Amino acid sequence: MAVSGSHLAVFAPVGGAGRVDAVVRRLSDAIALGLLADREQLPSEAELAARLGVSTVTLREALMALRQQGLVETRRGRGGGSFVRTPREPPEPGARLRAFTVDELRDLGDHYAAIAGAAARLAARRALPGDVAPLWRSLDDMARADSTAALRRLDGRFHIEVAAASQSARLTQEEIRLQADIGPLLWLPYDEPGRHDEATAQHRAIAEAIRHADPGLARDLAEQHVLDAIERLIELRLTDS
């Protein structure tokens, strides 16, 4: 079975200091965003440690922390291993919006627009047909989604797959981090009646620009998509003041 670019980014070496925390953050973000599916079996400890570039001792500490958070279940014996456990009810993002000031939202938007724009531009330059296919699968899944929580998760997956199509592991990992931090917030404006179609049209335009290898258009569309969401988030934040 082909391995997606997002999976490659999830299991890329973590690097840097504080590696236990880094492994916990990498895997918990991937689980929260649905990049690792519920009940999916993780690679063996030896393989996973090697892929993440950490010692088996570090990995075991990280898996213990994930088990304590209820995100991983480890089974012993034949057919055993470590398996993903997806949280059943993701937290609602509305309350978290109040934790941000308007200036903080604008700063987040500027940073995220730069990441999303760069990823879309490189995806349009580098993506092969097999790299673009996951974008259309995510869009098809969004059309069939039966809940707002599912739409939020799929929106995040779409943007991560765009980053994966850029062939840049660092950009993909930063996209994963940002989606885990603020991805659900960015979907809030589209919870309003009639907004889902607008988001779908923007996503499809980005995917088309990547498929047609138009780097400038892909970048502009991705940046504007983020900045539009941030402007609406600011409006919601001011209304809630």
For this session: Inspect the stretch 35-45 for any residue being over 21 Å from the mean Cα position of the chain (by Cα), over 30 Å from Thr148 (Cβ atoms) and open to solvent by 10 Å² or more (accessible area, probe 1.4 Å) and give the result as yes or no.
Result: yes
Exercise. In the stretch 1-21, what residues are open to solvent by 30 Å² or more (accessible area, probe 1.4 Å), in a helix (DSSP H, G or I) and either closer than 17 Å to Leu63 by Cβ or modelled with pLDDT of 85 or more (or both)?
Worked result: Arg19, Val20, Asp21
For this session: Considering (1) surrounded by fewer than 22 Cβ atoms within 10 Å (Cβ to Cβ); (2) closer than 25 Å to Leu36 by Cβ, say which one Asp228 fails and leave the rest.
Result: (2)
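Looking at the structure I just gave you, is Leu171 within 22 Å of Arg98 (Cα to Cα) and touching a residue at least 12 places away in the same chain (Cβ under 8 Å)?
no
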For this session: Go through the stretch 46-72 residue by residue and tally those that are assigned to a loop (DSSP other than H, G, I, E, B) and open to solvent by 30 Å² or more (accessible area, probe 1.4 Å).
Result: 4
Problem set entry | Only one of Ala119, Ala127, Ala49, Ala32 that is touching a Ser or Thr at 6+ places or on another chain (Cβ under 6 Å) and within 16 Å of Ala9 (Cβ to Cβ) | Ala119
Seminar exercise, completed: Expected output for the stretch 35-57 (first residue acidic (Asp, Glu), partner open to solvent by 60 Å² or more (accessible area, probe 1.4 Å), Cβ below 8 Å, 6+ apart or cross-chain) is Asp38/Arg85; Glu45/Arg60
Exercise. Among Thr148, Thr239, Thr200, Thr172, which is polar (S, T, N, Q) and closer than 17 Å to Leu8 by Cα?
Worked result: Thr172
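The values are calculated or read from the model by the stated rules, or taken from the named source; none is laboratory data. Everything quoted here is computed from the prediction, not taken from an experiment. We place every Cβ from the backbone using ideal geometry, glycine too, and count neighbours over all the protein chains shown. Each accessible area value is taken on the protein alone, full model and side chains, heavy atoms only, with ligands, DNA and RNA left out. Shrake-Rupley method; radii C 1.70, N 1.55, O 1.52, S 1.80 Å.
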